[in-house]
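Heads up: the structure comes next, in structure tokens.
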Amino acid sequence: MRLVKDDRGQTIVVAALLLTLLIALVGLGVDVSWFSLNLVKMQRAADAAALAGVVYLPGDQTGAYGAALAEATKNGYTNGVGGVTVTPAQDSFNNRALAVTISGPVQTYFARIVGVATFPGERNSRAEFVLPLPMGSPQDYNGVATLCRNTDPYNACPAVASATGVGTDASQGFWGAVIAKGGSRNNGDAYSTYYNPSPTLNTQYDANGYSYIVEFPAGTLGGAVWIFDPIFCPTGRRTSTPFQHLGMGEAWYSVSGTRQVTTEFKLWDMVGTPYSTTDDVLIASDGGLFANMDYVDKSLDYGGDHNYGGFYTGLSSPDCSASPYHNHWWQLTSGLGEGTYRLQVTTSQGGTLQNGLNNFAIQVTTSSGSAARVYGQSRMCAYVNLANTSAVFYLAQVDAVYAGKTLEIRLFDPGDITNTSLRIEQPTATGYVDATFKFTATGSAGGAPTSGGPQTSLPTSNAFANFYNNQWVTISIPLPVGYDAPTPPGETQPGWWKIQYTVGAAGQDVTTWEVNIRGNPVHLVIP
């Protein structure tokens with residue numbers, strides 16, 4: 001009997017020990033689960049902080065760090081409080097990336113019994129801001145072509161005098177363009193036109209128009225923004241072949257309703273947030289100077305055959321050839337210093353069903369400082385005037401930080417001149433080479449394909465049809481992992497890609513270009 005009592009006592013001791021161990025395991029499990037939960041919370045806070053701050057990069061590091069710290073506080077982690085450390089850091093290689101590290105103690109419940117009051121926690125996040133790609137120009141002017149006069153041979157068109165007052169601007173091969181709000185999308189402007197065509201509405205109409213970025217670097221004094229020929233003034237056609245429109249090529253596509261075209265120019269201070277326009281500050285505008293335009297150029301040089309488009313003879317319109325705004329630079333504003341600004345070009349309803357093309361160019365000048373430039377932001381509308389030739393234009397600047405990603409080029413209504421083909425020119429250290437790409441199109445005519453590749457050339461028309469009239473063509477080019485944004489000989493900036501038009505006849509073409517890096521502009525990446 002005594003042995004049985006001893007056995008019972010041993011059983012109680014063993015049970016007590018097992019119960020203690022079980023409680024310890026349960027406590028450890030609770031602490032581990034609590035620690036894991038807090039790490040998830042810490043990771044989400046780091047992610048939110050990185051995303052909030054990265055949109056201020058690359059230009060406003062102070063703003064980026066402040067936004068990251070504020071966002072971390074909103075999510076329960078304040079730098080320097082309760083042992084928490086929040087550390088934002090701009091990436092040394094990709095200045096459009098922001099890393100955020102959050103570290104701090106996580107309180108325990110059961111582990112404190114054995115003297116462990118906290119576990120150290122740390123989580124890292126990294127966000128990247130894929131900025132809109134610069135388009136159209138690495139120079140201090142954008143969208144400058146040549147002025148073709150009736151008395152000059154076609155290939156000897158006079159150059160545009162520089163807004164600096166010294167010399168001329170070398171032709172970039174195209175003019176900046178915008179078609180009036182009452183115009184038709186099938187003429188090549190995907191976003192400013194209200195109809196597709198009338199009475200069908202253009203579902204892609206965007207009253208915000210097109211934006212061009214003006215950069216004045218450190219040391220800039222007396223920065224000024226100029227617009228070449230901001231006025232809408234159609235010109236006649238040449239009286240002999242090729243029958244292109246003269247001057248800048250402005251014309252009516254059709255003449256119905258009220259003949260009035262309004263183009264507006266506004267300059268905004270971007271206050272260090274290049275992706276968001278909600279906080280932009282308006283600093284200059286034309287004040288309605290170019291509203292309700294109904295003029296034509298009747299001069300000898302640009303009057304031509306007095307066909308101003310849409311078979312309009314211009315008899316009911318005043319002559320704009322003496323205007324101080326026609327074929328001249330007009331200063332939008334001056335006295336600007338270091339900073340990044342957004343030039344917005346829009347068109348509003350001057351009259352009903354107006355369908356006119358207004359071309360322009362932009363130049364920035366300084367009284368002190370260098371390396372100012374102006375370029376299109378993500379999308380732009382361009383007008384080309386070609387005849388039996390190949391012409392190469394600046395398309396977009398693609399930085400080395402995008403190596404391994406996919407370059408996406410979208411062209412709306414491209415290549416309407418007879419027998420046109422397009423090539424994308426990729427920069428290398430020794431020159432330019434034809435890029436290999438795949439493409440898709442929203443529709444086609446004349447039996448042309450709506451997808452294809454790999455290929456290096458895209459035919460867009462023949463003698464009988466314009467294949468992609470009123471259609472989007474999307475070109476995809478995978479960037480090599482080793483892509484380093486080379487600077488070809490003769491270029492002044494790295495990573496500029498080009499587009500080549502080869503045409504088999506004389507004609508004009510308006511095309512909307514978009515160039516982006518595929519993917520969400522603001523996104524998390526592997527730390």
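The values are calculated or read from the model by the stated rules, or taken from the named source; none is laboratory data. None of the values given here were measured: they were computed from a predicted structure. No Cβ is skipped: glycine too gets one built from the backbone with ideal geometry, and neighbour counts run over all protein chains shown.
Scan the stretch 66-104 for residues that are in contact (Cβ under 8 Å) with a residue 24 or more places away in the chain, surrounded by 21 or more Cβ atoms within 10 Å (Cβ to Cβ) and part of a helix (DSSP H, G or I) and report the count.
Qualifying residue count for the region: 3.
Given the options Tyr383, Tyr402, Tyr432, name the one that is within 30 Å of Ile179 (Cα to Cα) and among the aromatic types (Phe, Trp, Tyr). Outline the logic, then answer.
Numbers: Tyr402 fails: within 30 Å of Ile179 (Cα to Cα); Tyr432 fails: within 30 Å of Ile179 (Cα to Cα).
None of the others qualify; the one that does is Tyr383.
Does at least one position in the stretch 207-217 carry a residue that is among the acidic types (Asp, Glu), surrounded by fewer than 18 Cβ atoms within 10 Å (Cβ to Cβ) and within 30 Å of Tyr65 (Cβ to Cβ)? I'd like the intermediate steps shown before the answer.
Keep residues of the stretch 207-217 that are among the acidic types (Asp, Glu), which gives 215.
Adding the requirement that they be surrounded by fewer than 18 Cβ atoms within 10 Å (Cβ to Cβ) leaves none.
Checked the stretch 207-217: no residue is among the acidic types (Asp, Glu), surrounded by fewer than 18 Cβ atoms within 10 Å (Cβ to Cβ) and within 30 Å of Tyr65 (Cβ to Cβ).
Look at the stretch 491-520 and say how many of its residues are at pLDDT below 95, among the small types (Gly, Ala, Ser) and in a loop (DSSP other than H, G, I, E, B).
Within the stretch 491-520, residues that are at pLDDT below 95, among the small types (Gly, Ala, Ser) and in a loop (DSSP other than H, G, I, E, B) number 3.
Would you pick out the residues in the stretch 212-253 that are of a type in the set (Ser, Thr, Tyr), assigned to a strand (DSSP E or B) and at pLDDT below 95? Can you show your working first?
First pass over the stretch 212-253, keeping only residues of a type in the set (Ser, Thr, Tyr): 212, 220, 235, 239-241, 253.
Now drop any that are not assigned to a strand (DSSP E or B), which leaves 212, 253.
Result: Tyr253, single match.
Can you name every residue in the stretch 396-421 that is touching a strand residue (DSSP E or B) at 6+ places or on another chain (Cβ under 9 Å), surrounded by fewer than 22 Cβ atoms within 10 Å (Cβ to Cβ) and of a type outside the set (D, E, K, R)?
Correct list: Gln397, Val401, Tyr402, Gly404, Thr406, Thr418, Asn419, Ser421.
Cβ-Cβ below 7 Å, separation at least six or inter-chain, first residue in the stretch 194-215 and on the phi < 0 side of the Ramachandran plot and free of Cβ contacts under 8 Å to residues at least 12 places away in the same chain, second of a type in the set (Phe, Trp, Tyr) and part of a strand (DSSP E or B): which pairs?
Going by the 7 Å Cβ cut-off, the qualifying pairs are Leu201/Tyr195.
Tell me which residues, restricted to the stretch 254-275, are over 20 Å from Ala207 (Cβ atoms) and in a loop (DSSP other than H, G, I, E, B). Don't jump to the end; show me each part of the working.
Narrowing the stretch 254-275 to residues over 20 Å from Ala207 (Cβ atoms): 254-256, 259, 269, 271-274.
Val255, Ser256, Arg259, Val271, Gly272, Thr273, Pro274 - these are the residues of the stretch 254-275 that are over 20 Å from Ala207 (Cβ atoms) and in a loop (DSSP other than H, G, I, E, B).
Consider the stretch 182-228. How many of its residues are among the β-branched types (Val, Ile, Thr), within 23 Å of Pro138 (Cα to Cα) and out of contact with any strand residue (DSSP E or B) (no Cβ under 6 Å at 6 or more places or on another chain)? Spell out how you get there, then give the answer.
Step one: filter the stretch 182-228 for residues among the β-branched types (Val, Ile, Thr), giving 193, 200, 203, 213-214, 220, 225, 227.
Of the ones still in play, those that are also within 23 Å of Pro138 (Cα to Cα) are 213-214, 220, 225, 227.
If we keep only those that are out of contact with any strand residue (DSSP E or B) (no Cβ under 6 Å at 6 or more places or on another chain) too, we end up with 220.
Number satisfying all stated conditions: 1.
Tell me the residue from Trp496, Trp472, Trp513 that is under 28 Å from Tyr375 (Cβ atoms), within 20 Å of the chain's Cα centre (by Cα) and surrounded by fewer than 20 Cβ atoms within 10 Å (Cβ to Cβ), please. Outline the logic, then answer.
Values: Trp496 fails: surrounded by fewer than 20 Cβ atoms within 10 Å (Cβ to Cβ); Trp513 fails: surrounded by fewer than 20 Cβ atoms within 10 Å (Cβ to Cβ).
Just a single option satisfies the conditions, and that option is Trp472.
For the list (1) without any contact (Cβ under 8 Å) to a residue 12 or more places away in the chain; (2) in contact with an Asp or Glu (Cβ under 9 Å, 6 or more places away or on another chain), I need the number of the one condition that Ile227 fails.
(1)
When you check Pro197 against the structure, is it surrounded by fewer than 20 Cβ atoms within 10 Å (Cβ to Cβ) and either in contact with a Cys (Cβ under 8 Å, 6 or more places away or on another chain) or under 23 Å from Ser348 (Cα atoms) (or both), yes or no?
On the way: surrounded by fewer than 20 Cβ atoms within 10 Å (Cβ to Cβ): yes; either in contact with a Cys (Cβ under 8 Å, 6 or more places away or on another chain) or under 23 Å from Ser348 (Cα atoms) (or both): yes.
For Pro197, the condition - surrounded by fewer than 20 Cβ atoms within 10 Å (Cβ to Cβ) and either in contact with a Cys (Cβ under 8 Å, 6 or more places away or on another chain) or under 23 Å from Ser348 (Cα atoms) (or both) - is met.
Residues that are in contact with a strand residue (DSSP E or B) (Cβ under 7 Å, 6 or more places away or on another chain), surrounded by fewer than 16 Cβ atoms within 10 Å (Cβ to Cβ), closer than 23 Å to Phe243 by Cβ and not assigned by TED's automatic domain parsing to the domain that holds Ile409: does the stretch 150-157 have at least one? Let's see the steps before the verdict.
Of the stretch 150-157, the ones in contact with a strand residue (DSSP E or B) (Cβ under 7 Å, 6 or more places away or on another chain) are 154, 157.
Subset that is surrounded by fewer than 16 Cβ atoms within 10 Å (Cβ to Cβ): none.
No: zero hits.
Suppose we keep only residues that are among the small types (Gly, Ala, Ser) and buried (at least 19 other Cβ atoms within 10 Å of the Cβ) within the stretch 285-316. Which one would you say is nearest to the chain's Cα centre (by Cα)?
First pass over the stretch 285-316, keeping only residues among the small types (Gly, Ala, Ser): 285, 287-288, 291, 299, 303-304, 309-310, 314, 316.
Keeping just the survivors that are buried (at least 19 other Cβ atoms within 10 Å of the Cβ) gives 299, 303-304, 309, 314.
Values: Ser299: 38, Gly303: 36, Gly304: 37, Gly309: 31, Gly314: 37 Å.
Filtering first and then ranking leaves Gly309.
Is it true that Gln363 is out of contact with any His (no Cβ under 7 Å at 6 or more places or on another chain), surrounded by 21 or more Cβ atoms within 10 Å (Cβ to Cβ) and at pLDDT below 90?
Values: out of contact with any His (no Cβ under 7 Å at 6 or more places or on another chain): yes; surrounded by 21 or more Cβ atoms within 10 Å (Cβ to Cβ): yes; at pLDDT below 90: no.
It is false that Gln363 is out of contact with any His (no Cβ under 7 Å at 6 or more places or on another chain), surrounded by 21 or more Cβ atoms within 10 Å (Cβ to Cβ) and at pLDDT below 90.
Within the stretch 358-465, considering only strands (runs of 3 or more DSSP E) that don't extend past its boundaries, which have at least 3 residues that are farther than 23 Å from Ser137 by Cα and not charged (D, E, K, R)? Give the derivation first.
Numbers: elements: 373-377, 379-387, 390-397, 406-412, 421-428, 431-434, 437-441, 451-455.
Once the strands (runs of 3 or more DSSP E) in the stretch 358-465 are filtered for at least 3 residues that are farther than 23 Å from Ser137 by Cα and not charged (D, E, K, R), what remains is 437-441, 451-455.
Can you name every residue in the stretch 463-504 that is out of contact with any helix residue (DSSP H, G or I) (no Cβ under 6 Å at 6 or more places or on another chain), more than 30 Å from Asn187 (Cβ to Cβ) and among the small types (Gly, Ala, Ser)?
Listed by number, the residues that qualify are Gly482, Gly490, Gly495.
Go through the stretch 475-485 and report how many residues are more than 30 Å from Pro449 (Cβ to Cβ) and surrounded by fewer than 18 Cβ atoms within 10 Å (Cβ to Cβ). Show your work before the answer.
Step one: of the stretch 475-485, the residues more than 30 Å from Pro449 (Cβ to Cβ) are 482, 484-485.
From what is left, the residues that are surrounded by fewer than 18 Cβ atoms within 10 Å (Cβ to Cβ) are 482, 484.
So the answer is 2.
Can we say Phe265 is under 21 Å from the mean Cα position of the chain (by Cα), of a type outside the set (Ser, Thr, Tyr), crowded, with 22+ Cβ neighbours inside 10 Å and under 30 Å from Thr62 (Cα atoms)? Quick ask: steps written out before the conclusion?
Working: under 21 Å from the mean Cα position of the chain (by Cα): yes; of a type outside the set (Ser, Thr, Tyr): yes; crowded, with 22+ Cβ neighbours inside 10 Å: yes; under 30 Å from Thr62 (Cα atoms): no.
No; evaluated as a whole, the condition is false for this residue.
Just the residues that are surrounded by fewer than 24 Cβ atoms within 10 Å (Cβ to Cβ) and of a type outside the set (A, V, I, L, M, F, W, C), please, taken from the stretch 231-244.
Filtering the stretch 231-244 for residues surrounded by fewer than 24 Cβ atoms within 10 Å (Cβ to Cβ) gives 231, 237-244.
Scanning the stretch 231-244 gives Arg237, Arg238, Thr239, Ser240, Thr241, Pro242, Gln244.
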